[in-house]
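K.L.:
Once you've had a glance at the structure underneath, I'll fire off some questions.
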């Protein structure tokens with residue numbers, strides 16, 4: 001490995017080459033380790049020393065390195081950073097969809113992974129919403145919401161009752177018999193949120209769920225999400241590219257550096273929930289947005305100096 005932190009090319013046993021990207025030592029010099037760990041007993045979710053390396057035949061990529069983070073019960077945490085910084089990878093590790101290369105995730109004191117197997121009790125606390133609603137086009141709103149309950153063999157009457165309850169919670173009452181093609185993008189995302197809440201998870205993990213919506217619908221969904229989180233007492237971890245959205249929603253904004261992703265800073269937002277859009281005009285809000293933008297710009301400039309790209 002060269003000393004300047006640039007990509008290193010090494011021979012493989014098959015006579016080819018493997019590229020090792022953006023190793024940790026240079027990043028440590030430029031951005032000292034920032035820990036988001038909480039005092040013992042405060043965190044519902046804990047990540048200890050999380051790193052993730054993706055290895056293919058021709059390339060090793062260190063996506064995340066040395067992540068320490070605690071998240072309190074009913075806290076709203078946003079994960080912010082450039083494309084390729086590992087936000088979605090970190091969320092998928094939290095969801096149990098990806099096994100970390102190093103480190104441990106605990107949910108309410110239970111390790112999420114026990115060897116190569118996920119802990120079912122920890123998983124039951126998690127609900128997941130992706131950028132695409134991923135609705136079954138031949139299922140009605142009611143049936144899409146109730147699908148996780150059907151897979152858990154909940155009886156039909158209870159599934160129907162719960163789906164109607166959640167349709168009302170997310171503002172879809174009267175649309176229970178509609179098909180996905182009859183809904184707007186924002187309405188489809190409401191169905192996805194309701195489905196994730198169907199089995200009463202305590203933690204809601206959301207990967208840019210409003211990224212494809214127009215600005216006005218996105219603002220409305222951010223308002224609705226605060227109401228839903230408060231009504232369900234859910235802990236929320238929310239991935240976004242939008243600095244303003246991250247600050248508007250969060251109790252704490254966790255900013256990840258460009259790859260390999262590590263915690264660059266943690267910004268606390270003290271305003272109480274639910275927040276109105278008026279807060280975005282306040283000086284304190286704007287200062288936080290500008291400071292986070294400055295840090296993101298510094299990362300972009302660092303990557304450019306190294307002759308690389310952030311994705």
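The values are calculated or read from the model by the stated rules, or taken from the named source; none is laboratory data. Source: prediction; values computed, not measured. In this analysis, Cβ positions are derived from the backbone assuming ideal geometry, glycine residues included, and neighbour counts consider all displayed protein chains.
K.L.:
Would you be able to tell me the number of residues in region 286-300 that are without any contact (Cβ under 8 Å) to a residue 60 or more places away in the chain, surrounded by 12 or more Cβ atoms within 10 Å (Cβ to Cβ) and farther than 15 Å from residue 253 by Cα? Talk me through it step by step, then tell me what you get.
P.N.:
Restricting attention to region 286-300, the residues satisfying the condition of being without any contact (Cβ under 8 Å) to a residue 60 or more places away in the chain are 286-291, 293-295, 297-298.
Narrowing further to those that are surrounded by 12 or more Cβ atoms within 10 Å (Cβ to Cβ): 286, 288-289, 291, 293, 295, 298.
Subset that is farther than 15 Å from residue 253 by Cα: 298.
Adding up the residues that qualify gives 1.
K.L.:
Against the condition assigned to a loop (DSSP other than H, G, I, E, B) and surrounded by fewer than 19 Cβ atoms within 10 Å (Cβ to Cβ), how does residue 177 come out, does it pass?
P.N.:
So residue 177 passes the test.
K.L.:
While we're on this one: For region 144-165, give me each residue that is surrounded by 13 or more Cβ atoms within 10 Å (Cβ to Cβ) and touching a residue at least 24 places away in the same chain (Cβ under 8 Å).
P.N.:
144, 145, 146, 147, 148, 149, 162, 163
K.L.:
Moving to a separate point now. Output the residues belonging to region 243-285 that are over 14 Å from residue 77 (Cα atoms) and either surrounded by 21 or more Cβ atoms within 10 Å (Cβ to Cβ) or touching a residue at least 60 places away in the same chain (Cβ under 8 Å) (or both).
P.N.:
257, 258, 259, 260, 261, 262, 264
K.L.:
Okay, next question. Kindly indicate whether residue 11 is in contact with a strand residue (DSSP E or B) (Cβ under 7 Å, 6 or more places away or on another chain), on the phi > 0 side of the Ramachandran plot and at pLDDT below 95.
P.N.:
Here the answer is no, as residue 11 does not meet what is asked.
K.L.:
Check off (1) more than 13 Å from the chain's Cα centre (by Cα); (2) within 19 Å of residue 262 (Cα to Cα); (3) crowded, with 16+ Cβ neighbours inside 10 Å for residue 90 and give me the number that stays unchecked.
P.N.:
The single condition residue 90 does not satisfy is (1).
K.L.:
Which of the residues spanning region 97-111 are in a loop (DSSP other than H, G, I, E, B) and surrounded by fewer than 20 Cβ atoms within 10 Å (Cβ to Cβ)?
P.N.:
Passing the criteria: 97, 98, 99, 101, 108, 109.
K.L.:
Working only within region 120-143, note down all residues that are in contact (Cβ under 8 Å) with a residue 12 or more places away in the chain and in contact with a strand residue (DSSP E or B) (Cβ under 7 Å, 6 or more places away or on another chain).
P.N.:
Result: 122, 125, 126, 127, 128, 129, 130, 131.
K.L.:
Out of curiosity, is residue 89 out of contact with any helix residue (DSSP H, G or I) (no Cβ under 9 Å at 6 or more places or on another chain), under 23 Å from residue 32 (Cβ atoms) and touching a residue at least 24 places away in the same chain (Cβ under 8 Å)?
P.N.:
Against the criterion (out of contact with any helix residue (DSSP H, G or I) (no Cβ under 9 Å at 6 or more places or on another chain), under 23 Å from residue 32 (Cβ atoms) and touching a residue at least 24 places away in the same chain (Cβ under 8 Å)), residue 89 qualifies.
K.L.:
Moving on. For residue 231, only one of the following conditions fails: (1) buried (at least 23 other Cβ atoms within 10 Å of the Cβ); (2) out of contact with any strand residue (DSSP E or B) (no Cβ under 9 Å at 6 or more places or on another chain). What is its number?
P.N.:
Here residue 231 clears every test but (1).
Residue-by-condition table, conditions (1) at pLDDT 95 or above; (2) closer than 28 Å to residue 248 by Cα; (3) surrounded by fewer than 18 Cβ atoms within 10 Å (Cβ to Cβ):
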residue	(1), (2), (3)
6	no, no, yes
28	no, no, yes
52	yes, no, no
57	no, no, yes
71	yes, yes, no
